[in-house]
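Chemist: Take this structure, written in structure tokens, and hold onto it; I'll ask about it next.
The values are calculated or read from the model by the stated rules, or taken from the named source; none is laboratory data. Bear in mind that the values here come from a model prediction, so they are computed numbers and not experimental data. Glycine also receives a Cβ, built like all others from the backbone with ideal geometry; neighbour counts cover every protein chain displayed.
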Protein chains: 2
Amino acid sequence: MTDYALAVDLGGTKVEAALVDAAGSVLTGSRHRRPTGSSATSEQLAAAVTDAVRDALAALPAGATLRGAGIGSAGPIAGTTGDVSPLNLPAWRSYPLGGLVAETLTSAGLGGLPVTLRMDGICIALAEVWLGAAQGETNVMGMIVSTGVGGGLILGGRVVAGPTGNAGHIGHVAVAGHDDRCACGARGCLEAIASGPRTVAWAREHGFGGTTGEELAAAAAAGDDVARRAVQRSAAAVGRAIASASALVDLDVVAIGGGFSHVSDDYIALVGAAVAEHSDFSFVTKTRVVASGLSGEGPLIGAAALVHRTDLIG
Amino acid sequence: MTDYALAVDLGGTKVEAALVDAAGSVLTGSRHRRPTGSSATSEQLAAAVTDAVRDALAALPAGATLRGAGIGSAGPIAGTTGDVSPLNLPAWRSYPLGGLVAETLTSAGLGGLPVTLRMDGICIALAEVWLGAAQGETNVMGMIVSTGVGGGLILGGRVVAGPTGNAGHIGHVAVAGHDDRCACGARGCLEAIASGPRTVAWAREHGFGGTTGEELAAAAAAGDDVARRAVQRSAAAVGRAIASASALVDLDVVAIGGGFSHVSDDYIALVGAAVAEHSDFSFVTKTRVVASGLSGEGPLIGAAALVHRTDLIG
């Protein structure tokens, strides 16, 4: 019989749940989502998670085995015991999301299964190593460039979660030459410079008339100078943050996904060029920057890896 | 009988060797040094290492056991097999320092013992966890602020060396708001802003008349405004780089040593304040910044840890 993991991905705009088998395939019909959002109350968020999980569990085939639940959560999280404090979901601070999922499993007659929660960036890194662009690699950063900039680290073949579960916050590594205020309270963070919204905002300050990443992408493709420079500025900042990260932890591969990483066909190449230009150290410039090998199912596959690929988890 | 490690520390101005017992004590009379320097030839560097090692080995008491050799080297290094390419020793590029020490052991009738080489910053981190300011901690960065700025990481209780052996290069993590050119080819690296020589150079550009770190320390202590601002500038940059590092790897403790960390009585406190001020994330601000608990023997004790504390080495 097939073994499944319940995979849950909690983000700032939605929560998704699905059943994922040991080969990393999402069971058809098991993937369900509910909206979240920064204005949602704690009760609304809990209902969204519970509903998505129940719908996913209802798809468990007769006779199949559920091995456990893996949860990827937007950060910060509060340790690796299942509590979360997502920056963009202010109603939840040190909220026991792992406990909520465990209760939902119990209500569905599946109590007592292991429930493992990690930051969503860690799940992305796991998915890249398991089935994505970093298969077979042991020193990897998975990265998302989207509304925010997030990531996760696998070093020496094992996830680095950190004592609070928050290792991998590449979006809050500083970039030289910048001093923009970040939502985290710091200045010059990568996320405050290179995210989709911040890149569009920079372009608008320089005369771009659009308001979305899609409009920016279209303008850059059409040869608009400001739009093109905005794309280059974002990619250069990502590359410089990767150079800092590789100086610190000696990365072999960085796999980049997320909506804004598709803003231009050469975005990944621009990032890689920025890493190579930024240092004479071969241990920095050897870092390969590649596009994510994951589909939109990546976050769920990564959450499922918390169940199916415990060999990668520290 | 007592077990000893041969400890070797290769730096830009000198190489030291000594015998260190399993409790981390340097055997009296076994510590020897020779000059190195950026103008030394490869042959001169090899003779310096060989002579220091032979002198140290000559102190091995009758009946005592040598368990192996641990070598800390200035970076970059070329993997963990014993080859080194120290930035400030240009005569050595991919030079087999581990092999040289192994040959010297053989010549002394001690062939076949294990020889382990890691970057000097990693040895400092090991020494801090073994016998210094980070005893009992499992998520640690050891740091040196001196002519350069270096470091090493212990995460989850194990050394992170990286695939090329160069993890821990905190001196080449960028600092927001700066764009100074670094010797590594990048811009805005911590080392290019906060090292002793760079801090003195900044002070001189702002009217300070001295030329050494000692003079800067004296002037700052005497209330000279430019000297004081130079010290604050260095500490703030170190703190911001630590905040980036902790965002990426979630550190509990950073132990800072090196000559320039003594430039002011409150230097460590200023660094700690900069970390706390730089972020609203509790997983960043929880990082404790402490003064090194090591004496001038720290680098040798850390090299000896490569032999005596293999439980900490990944």
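Chemist: Considering B:VAL53, B:VAL84, which residue is over 18 Å from the mean Cα position of the chain (by Cα) and within 20 Å of B:LEU306 (Cα to Cα)? Break it down stepwise before answering.
Modeler: Numbers: B:VAL84 fails: over 18 Å from the mean Cα position of the chain (by Cα).
B:VAL53 is the lone residue from the list that is over 18 Å from the mean Cα position of the chain (by Cα) and within 20 Å of B:LEU306 (Cα to Cα).
Chemist: Looking at (1) within 18 Å of A:VAL84 (Cα to Cα); (2) touching a residue at least 24 places away in the same chain (Cβ under 8 Å), which one does A:SER146 not meet, given that it meets all the others?
Modeler: (1)
Chemist: Against the definition (closer than 18 Å to B:ASP250 by Cβ, crowded, with 23+ Cβ neighbours inside 10 Å, of a type in the set (Gly, Ala, Ser) and touching a residue at least 60 places away in the same chain (Cβ under 8 Å)), how does A:ALA127 come out, yes or no? Spell out how you get there, then give the answer.
Modeler: Numbers: closer than 18 Å to B:ASP250 by Cβ: no; crowded, with 23+ Cβ neighbours inside 10 Å: yes; of a type in the set (Gly, Ala, Ser): yes; touching a residue at least 60 places away in the same chain (Cβ under 8 Å): yes.
No, not satisfied.
Chemist: Return the pairs, sorted by first residue and then second, in which the second residue is part of a loop (DSSP other than H, G, I, E, B) and of a type in the set (S, T, N, Q), the first residue lies in region B:157-175 and is more than 7 Å from every other protein chain (Cβ to nearest Cβ) and closer than 12 Å to B:ALA125 by Cα, the beta carbons are less than 6 Å apart, and the residues are 6+ apart or on different chains.
Modeler: If the second residue must be part of a loop (DSSP other than H, G, I, E, B) and of a type in the set (S, T, N, Q), the pairs left are B:GLY157/B:THR138; B:ALA161/B:THR80.
Chemist: Here are A:LEU270, A:LEU248: which of them is of a type outside the set (Phe, Trp, Tyr) and surrounded by 24 or more Cβ atoms within 10 Å (Cβ to Cβ)?
Modeler: Numbers: A:LEU270 fails: surrounded by 24 or more Cβ atoms within 10 Å (Cβ to Cβ).
Unique residue meeting the criteria: A:LEU248.
Chemist: Yes or no: A:VAL271 touching a residue at least 24 places away in the same chain (Cβ under 8 Å), of a type outside the set (Asp, Glu) and either over 24 Å from A:THR138 (Cβ atoms) or within 11 Å of chain B (Cβ to nearest Cβ) (or both)?
Modeler: Numbers: touching a residue at least 24 places away in the same chain (Cβ under 8 Å): yes; of a type outside the set (Asp, Glu): yes; either over 24 Å from A:THR138 (Cβ atoms) or within 11 Å of chain B (Cβ to nearest Cβ) (or both): no.
The answer is no for A:VAL271.
Chemist: Against the definition (of a type in the set (A, V, I, L, M, F, W, C) and closer than 16 Å to A:THR199 by Cα), how does A:ALA227 come out, yes or no? Break it down into steps so the answer makes sense when it comes.
Modeler: Working: of a type in the set (A, V, I, L, M, F, W, C): yes; closer than 16 Å to A:THR199 by Cα: yes.
It is true that A:ALA227 is of a type in the set (A, V, I, L, M, F, W, C) and closer than 16 Å to A:THR199 by Cα.
Chemist: Restricting to region A:121-138, name every residue that is of a type in the set (D, E, K, R) and in the same structural domain as A:GLY258 (by TED's automatic domain parsing).
Modeler: If we filter region A:121-138 for residues that are of a type in the set (D, E, K, R), which is where we start, we get A:128, A:137.
Passing the criteria: only A:GLU137.
Chemist: Next up: Among the residues of region A:145-155, what is the count of those that are assigned to a strand (DSSP E or B) and touching an Asp or Glu at 6+ places or on another chain (Cβ under 6 Å)?
Modeler: Start the filter on region A:145-155 by keeping residues that are assigned to a strand (DSSP E or B), which leaves A:145, A:149-155.
In the following step, the residues that additionally are touching an Asp or Glu at 6+ places or on another chain (Cβ under 6 Å) were identified as A:149.
The total comes to 1.
Chemist: Another one. For region A:150-193, enumerate the residues that are crowded, with 24+ Cβ neighbours inside 10 Å, more than 18 Å from the chain's Cα centre (by Cα) and over 18 Å from B:ASP280 (Cβ atoms).
Modeler: Across region A:150-193, the qualifying residues are A:VAL175, A:ALA176.
Chemist: Has region B:292-299 got at least one residue that is touching a residue at least 40 places away in the same chain (Cβ under 8 Å), part of a helix (DSSP H, G or I) and over 15 Å from B:MET141 (Cβ atoms)? If you could, list the steps in order and put the result at the bottom.
Modeler: The initial filter retains those residues of region B:292-299 that are touching a residue at least 40 places away in the same chain (Cβ under 8 Å), namely B:292-294, B:297-299.
Of the ones still in play, those that are also part of a helix (DSSP H, G or I) are B:298-299.
Still in the list and also over 15 Å from B:MET141 (Cβ atoms): B:299.
The answer is yes, given that some residue of region B:292-299 is touching a residue at least 40 places away in the same chain (Cβ under 8 Å), part of a helix (DSSP H, G or I) and over 15 Å from B:MET141 (Cβ atoms).
Chemist: Moving to a separate point now. So which pairs qualify, if the first residue must be in region A:213-236 and not assigned by TED's automatic domain parsing to the domain that holds A:ILE256, the second must be surrounded by fewer than 21 Cβ atoms within 10 Å (Cβ to Cβ) and at pLDDT below 95, the Cβ gap must be under 7 Å, and the two must be at least 6 apart or on different chains?
Modeler: none
Chemist: Name the residue, out of A:ASP250, A:ASP266, that is more than 19 Å from the chain's Cα centre (by Cα), at positive phi and not aliphatic (A, V, I, L, M). Break it down into steps so the answer makes sense when it comes.
Modeler: On the way: A:ASP266 fails: at positive phi.
A:ASP250 is the lone residue from the list that is more than 19 Å from the chain's Cα centre (by Cα), at positive phi and not aliphatic (A, V, I, L, M).
Chemist: While we're on this one: Looking only at region B:222-260, count how many residues are in a helix (DSSP H, G or I), within 19 Å of B:ARG204 (Cα to Cα) and more than 14 Å from every other protein chain (Cβ to nearest Cβ). Spell out how you get there, then give the answer.
Modeler: Of region B:222-260, the ones in a helix (DSSP H, G or I) are B:225-249, B:259-260.
Applying the additional criterion that residues be within 19 Å of B:ARG204 (Cα to Cα) yields B:225-237, B:260.
Restricting the remaining residues to those that are more than 14 Å from every other protein chain (Cβ to nearest Cβ) gives B:225-235, B:260.
Count: 12.
Chemist: Go through the residues of region B:139-151 one by one and say whether even a single one is farther than 22 Å from B:SER261 by Cα and modelled with pLDDT of 95 or more. Working first, answer last.
Modeler: Here is the first cut: in region B:139-151, the residues farther than 22 Å from B:SER261 by Cα are none.
No, region B:139-151 contains no residue that is farther than 22 Å from B:SER261 by Cα and modelled with pLDDT of 95 or more.
Chemist: Also: List the helices (runs of 4 or more DSSP H) inside region A:27-144, counting only whole elements, that have at least 2 residues being closer than 23 Å to B:PHE283 by Cα. It would help to see each step written out before you state the result.
Modeler: Numbers: elements: A:42-57, A:97-107, A:120-131.
By residue number, A:97-107, A:120-131.
Chemist: Follow-up question, since we're still on this one. Check region A:220-235 and report whether any residue there is touching a His at 6+ places or on another chain (Cβ under 7 Å) and at pLDDT 95 or above.
Modeler: So far as region A:220-235 goes, yes, one or more of its residues are touching a His at 6+ places or on another chain (Cβ under 7 Å) and at pLDDT 95 or above.
Chemist: For residues that are within 8 Å of chain B (Cβ to nearest Cβ), free of Cβ contacts under 8 Å to residues at least 40 places away in the same chain and assigned to a strand (DSSP E or B), tally how many sit in region A:176-192.
Modeler: 2
Chemist: For region A:136-181, name all the residues that are over 21 Å from B:ALA161 (Cβ atoms) and of a type in the set (S, T, N, Q).
Modeler: Of everything in region A:136-181, those that are over 21 Å from B:ALA161 (Cβ atoms) and of a type in the set (S, T, N, Q) turn out to be A:SER146, A:THR147, A:THR164, A:ASN166.
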